[in-house]
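Report on the following structure.
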Amino acid sequence: MEIINVRDLEAAAQKVIPTVGFGYISGSAGEGWTKRENEAAFKRVTIMPHYLTGYGSTDLTASLLGSKLSLPIIVSVMGGHGMAHVTAEAGTAKGAAEAGTLFTTGSQSTLSMEEIAQASPGPKWFQIYLPADRGKARELLERAKAAGYLAIVLTIDGVGGGTAQTEWRNRFRVSLPSGNFSERSPQKRNLGWEDVEFIQMATRLPVLIKGVLSAELAAEAVERGCAGIQVSNHGGRNLDDVPATITVLPRIAEAVGGRIPIIMDGGIRRGQDVFKALALGANAVAVARPVIYGLALGGWMGVQGVLEHLKAELEVTMRHAGARSISEISRRSLTV
């Protein structure tokens, strides 16, 4: 599958994903301002080239909580894989592994976490919407650890559900199948730090929280023993008129001070976007919608193609910016 621009994939995927599925995957909350702003905000950050460095090769490898990656781009959790392609999360996980990176699957995945783990040898994290029933929550966490998942990602911004209007405008509601439950378990909406501690104690795996948008919450996450944070506004799906992730990243990075890794998602469509996020303090970025569009168009090879295209664009950007490795990308490379 030839990719010229990752943005082109959305229109192409719309032709092959059923209307209900595409509406869910591409949907946004409210009027869609936050979803659009996630991408638009990158345009207000520009890159300052640095030439005559004498540098030759570039090193794009990264390390994230002990996992060695070929690129600082991971696959974020998102629903709807099964609506995009028959292989569902198994195809996405395989594509991520072939690209040399990490895949995050979720508690509401189409396939079971065990099926996904068996489909790919690459590193994987398990995202959880914490069930209100502690027994069912513990069971999920124990299964994830037994299946070989290396970390747990707790989504914290699902407290009020979503306010997506796309489904209502198209007069449908999506009920996603789940491979991890024989019957649906109510989600705990009133999350607190005691829930983070519960997960930490239940698995002894690294625990990250996803949905951080403030420096204050980021700093507290460090103090509470979180292994990492994911700066995320849920792709603009849960609540409109919240800030674009790239705009809050610098203050969050300052508050964290390098003590734990920061992953940022939202609006990543080019390698230049990856570069800007790394320069503003992220250790890695996470992508979701472009990967699912790649899955819809080419199965696991489409996923691999999206990731490798972003990697190639990042490498070109690094050469122009005079950065030989990921660690050399800094705010000095930007004009903000």
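The values are calculated or read from the model by the stated rules, or taken from the named source; none is laboratory data. What you see is a predicted model; the values in this text were computed from it and never measured. Ideal geometry is used to build each Cβ from the backbone, glycine not excepted, and the neighbour counts take in all protein chains shown.
Specify which of the listed residues (98, 142, 89, 115) is acidic (Asp, Glu), at pLDDT 95 or above and under 15 Å from the mean Cα position of the chain (by Cα). Sole residue among the options that is acidic (Asp, Glu), at pLDDT 95 or above and under 15 Å from the mean Cα position of the chain (by Cα): 89. Look at (1) surrounded by 21 or more Cβ atoms within 10 Å (Cβ to Cβ); (2) in contact with a helix residue (DSSP H, G or I) (Cβ under 8 Å, 6 or more places away or on another chain) and you find that residue 286 fails only one, number (2). Of the strands (runs of 3 or more DSSP E) lying entirely inside the range 53-167, those carrying at least 1 residues that are in contact with a helix residue (DSSP H, G or I) (Cβ under 8 Å, 6 or more places away or on another chain) and of a type in the set (Phe, Trp, Tyr) are 103-106, 124-128. Listed by first and then second residue, the pairs linking a residue in the range 293-308 that is closer than 11 Å to residue 16 by Cβ to a residue that is acidic (Asp, Glu) and at pLDDT 95 or above, with Cβ atoms under 6 Å apart and 6 or more places separating them unless they lie on different chains, are 293/10. Selection of the range 83-103 for residues being surrounded by fewer than 22 Cβ atoms within 10 Å (Cβ to Cβ) and closer than 14 Å to residue 125 by Cα yields only 97.
Which residue is surrounded by the fewest Cβ atoms within 10 Å (Cβ to Cβ), if the candidates are limited to the range 224-260 and must be closer than 16 Å to residue 27 by Cα and charged (D, E, K, R)? So, considering only residues that are closer than 16 Å to residue 27 by Cα and charged (D, E, K, R), the one surrounded by the fewest Cβ atoms within 10 Å (Cβ to Cβ) is 241. Restricting attention to the range 302-336, the residues that are small (Gly, Ala, Ser), modelled with pLDDT of 95 or more and in a helix (DSSP H, G or I) add up to 5.
Between 145, 68, 136, the distinction of being free of Cβ contacts under 8 Å to residues at least 12 places away in the same chain and either among the charged types (D, E, K, R) or closer than 24 Å to residue 329 by Cα (or both) belongs to 68 only.
Conditions (1) surrounded by 13 or more Cβ atoms within 10 Å (Cβ to Cβ); (2) among the basic types (Lys, Arg); (3) touching a Lys or Arg at 6+ places or on another chain (Cβ under 7 Å), marked per residue:
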| position | (1), (2), (3) |
| --- | --- |
| 14 | yes, no, no |
| 34 | yes, no, no |
| 37 | yes, no, no |
| 43 | no, yes, no |
| 46 | no, no, no |
| 49 | no, no, no |
| 54 | no, no, no |
| 62 | yes, no, no |
| 71 | yes, no, yes |
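From the residues in the range 174-194 that are surrounded by fewer than 17 Cβ atoms within 10 Å (Cβ to Cβ) and more than 21 Å from residue 86 (Cα to Cα), which one is modelled with the lowest pLDDT? My answer is 183. In this structure, residue 334 does not qualify as in contact with a helix residue (DSSP H, G or I) (Cβ under 6 Å, 6 or more places away or on another chain) and crowded, with 21+ Cβ neighbours inside 10 Å.
Those residues that are touching a residue at least 60 places away in the same chain (Cβ under 8 Å) and in a loop (DSSP other than H, G, I, E, B), I need them from the range 14-37; list them, please. 16, 17, 18, 27, 28, 30, 31, 32, listed by residue number.
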